[in-house]
1. Please work out which residue is nearest to Ser443 (Cα to Cα), limiting yourself to the range 369-403 and to residues that are of a type in the set (S, T, N, Q) and outside any helix (DSSP H, G or I).
2. Looking for whichever is closer than 22 Å to Gly238 by Cβ and among the acidic types (Asp, Glu) here; the options are Asp174, Asp160. Which one fits?
3. Can you name every residue in the range 128-159 that is within 23 Å of Glu216 (Cβ to Cβ), open to solvent by 10 Å² or more (accessible area, probe 1.4 Å) and among the acidic types (Asp, Glu)?
4. Report, by residue number, each residue of the range 375-398 that is open to solvent by less than 20 Å² (accessible area, probe 1.4 Å) and among the hydrophobic types (A, V, I, L, M, F, W, C).
5. Just checking, does the range 473-481 include any residue being touching a Ser or Thr at 6+ places or on another chain (Cβ under 6 Å) and crowded, with 22+ Cβ neighbours inside 10 Å?
6. Could you pull out the residue among Gln70, Gln95 that is part of a loop (DSSP other than H, G, I, E, B), in contact with a strand residue (DSSP E or B) (Cβ under 8 Å, 6 or more places away or on another chain) and surrounded by 23 or more Cβ atoms within 10 Å (Cβ to Cβ)?
7. List every residue pair whose Cβ atoms lie under 9 Å apart, where the two residues are 6 or more positions apart in sequence or sit on different chains, the first residue falls within the range 83-109 and is at positive phi, and the second residue, located anywhere, is at pLDDT below 95 and part of a helix (DSSP H, G or I).
8. With respect to Tyr497, is the statement that it is open to solvent by 10 Å² or more (accessible area, probe 1.4 Å) and either aromatic (Phe, Trp, Tyr) or touching a Gly at 6+ places or on another chain (Cβ under 7 Å) (or both) true?
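The values are calculated or read from the model by the stated rules, or taken from the named source; none is laboratory data. The model shown is predicted, which means the values in this text are computed figures rather than measured ones. Here Cβ is always computed from backbone atoms with ideal geometry, including for glycine, and neighbour counts include all displayed protein chains. In case anyone asks, the SASA skips ligands and DNA or RNA and just uses the protein heavy atoms, side chains included. Shrake-Rupley method; radii C 1.70, N 1.55, O 1.52, S 1.80 Å.
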Amino acid sequence: MTTQRTSGRRKQAMAAAAVVAALLTTAACGGGNDDGGSKDGAAGFDAANNKVAQASLAKKGGTLKFAGAQDADSWDTTRGYYGFMWNFSRYYSRQLVTGKTEPGKAGAELTPDLATGLAKVSDDGKTYTYTLRDGVTWEDGKPITSKDIKYGIERVWAQDVLSGGPVYLKDVLDPKGEYKGPYKDKAADKLGLKAIETPDDKTIVFKLPQANSDFEEMLALTSASPVRQDKDTKSKYGLHPFSSGPYKFESYNPGKDLTLVRNAEWKQASDPIRKAYPDKVTVKFFSNANDLDARLIAGDYDLDLSQTGLSPQGRTTALKQHKGNLDNPVSGYIRYAVFPQSVKPFDNIECRKAVIYGADHVSLQNARGGPVAGGDIGTNMLPPSVPGAEGQKYDPYELAGANKSGNVAKAKEALKACGKPNGFKTTIAVRNNKPSEVATAESLQASLKKVGITADIDQYDGSQSTGIIGSPSNVVKKGYGIIIMGWGPDFPSVQGYGLPLWSSKYILESGNNNFALIKDKAIDGLFNQYVTTLDDAGKTKIASEINHKVMEGGYYLPFVFEKFINWRSSNLANVYTTDAYSGMYDFVNLGLKNPK
């Protein structure tokens, strides 16, 4: 799920290793208010981790206050790809189906939203039919129609204007790329995509050229939200999306603040998903993560929009003094370094392996926050929430074993094999608003120096990832041999996680996430096999095989199977983490105990 779904965090790069040691000590001995609730009404440590905390205490009214360290990549439902944007967008956008509003694994199961039920599937898995509910309306009271849903999905084809979001629907519904998108559509109604039929305003039919066992998961993505044609402002739509949900945009100042207010035309009877507890939902963006965390801990805000954990300084304070306000979920993300093959010498697998072996994996884990706040040492590229994942049992480079502190001898062997016995120079690209990423870049730089690889660090603007690391030509121009990133599942399958990262079809000129530029016929073939496999055991087996091929190619250095220390205010009610959004709190039904 940041670019892809690594919900951004604009933090100063000062937070670092000195605090990590303090954190690990604090976390190990428990600190603070034990695991129970506290005098100020906090629910208790891990009280909302895969279970609901204070469910019955949510009241209608008040202002739910988010604090964010980075704005969304876009609030446009077609373009947004940050995990927190997908989560937050359910306040103002609806889909045919969506994740259940339940904790843990159940949250990733699909349930009807705009539709009256899950799809009626026919034609050997190639035809999906839905009927819309009665009473579903836009913020001006006009009915949401099947044509609005079709048009919203067609916008995914307008990649020249609306790049950045996921393109699964385009790939599945139009694999040959024959449709040119609504802005170039010659049809009078701009609804010329043949794969979607709208026989009447309440019926929508999807006709897939080839069956895809995850298709309904794709329809639950934000990119499948309806967009009304007369309200489509194209590239400016993210500044003021037109609402189909219980809240609408009142004001938005990019990078500063965002305010949603109630959509008076939304009807609870038409929406089985959303309770719409608060009267208002606000987001305030901070440029300094330590300030943000201090304000959360002081009770000025209810939760962190990014959901990527407190910064080291805030974490230490919170674990000591406010443990009852914290949860420690497994995030579903893997944090890693990836090696673009377009930048020499990373076109050579042995040079890639030299970095994998040369890295100190314990140091990288500590830079991410240690075992508690950072996660277990990453040994492969399939996260625990995806069927087919093997966790640390699959460790082909012994990153959590014999080589966990780095293996200078093996790294030098690999350098010799790649024709660079004396090492080489490269550049590590890292987002400037992610202190733990900057810390991992510095850790990697230090350990690579020991094997003769000199790595400069280039910190770039994290909110501009799409055009910086997402542009393969820019990556070559800048000489980015190592890119530090993270990824979580778009939906819980190897297709929903790995396709944008590893499929040759997903190499894009802008908004690219296949940073390694993997063009492997075996991997592409396994993905093709996966999408037509309908039984779960078969899908799980193929997922493991894909992960093995990726690791054998030496394209990635995984850092951690990530965990977070997340804050929730004592005033929050109906709080729980969900696998639908990689271990984040489910935003859509949060309420306040004492509305104010």
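1. Ranking the candidates gives Asn403 first.
2. Values: Asp174 fails: closer than 22 Å to Gly238 by Cβ.
From the options Asp174, Asp160, the qualifying one is Asp160.
3. Asp134, Asp148
4. Here is the first cut: in the range 375-398, the residues open to solvent by less than 20 Å² (accessible area, probe 1.4 Å) are 375, 377-383, 386, 388, 397.
Of everything in the range 375-398, those that are open to solvent by less than 20 Å² (accessible area, probe 1.4 Å) and among the hydrophobic types (A, V, I, L, M, F, W, C) turn out to be Ile377, Met381, Leu382, Val386.
5. Initial filter on the range 473-481 (touching a Ser or Thr at 6+ places or on another chain (Cβ under 6 Å)): 476, 479-481.
Those left that are additionally crowded, with 22+ Cβ neighbours inside 10 Å: 480-481.
Yes, the range 473-481 has at least one match.
6. On the way: Gln95 fails: in contact with a strand residue (DSSP E or B) (Cβ under 8 Å, 6 or more places away or on another chain).
Sole residue among the options that is part of a loop (DSSP other than H, G, I, E, B), in contact with a strand residue (DSSP E or B) (Cβ under 8 Å, 6 or more places away or on another chain) and surrounded by 23 or more Cβ atoms within 10 Å (Cβ to Cβ): Gln70.
7. Here the result reads Gly104/Asp579, each pair linking the range 83-109 to a residue that is at pLDDT below 95 and part of a helix (DSSP H, G or I).
8. Numbers: open to solvent by 10 Å² or more (accessible area, probe 1.4 Å): no; either aromatic (Phe, Trp, Tyr) or touching a Gly at 6+ places or on another chain (Cβ under 7 Å) (or both): yes.
Against the criterion (open to solvent by 10 Å² or more (accessible area, probe 1.4 Å) and either aromatic (Phe, Trp, Tyr) or touching a Gly at 6+ places or on another chain (Cβ under 7 Å) (or both)), Tyr497 does not qualify.
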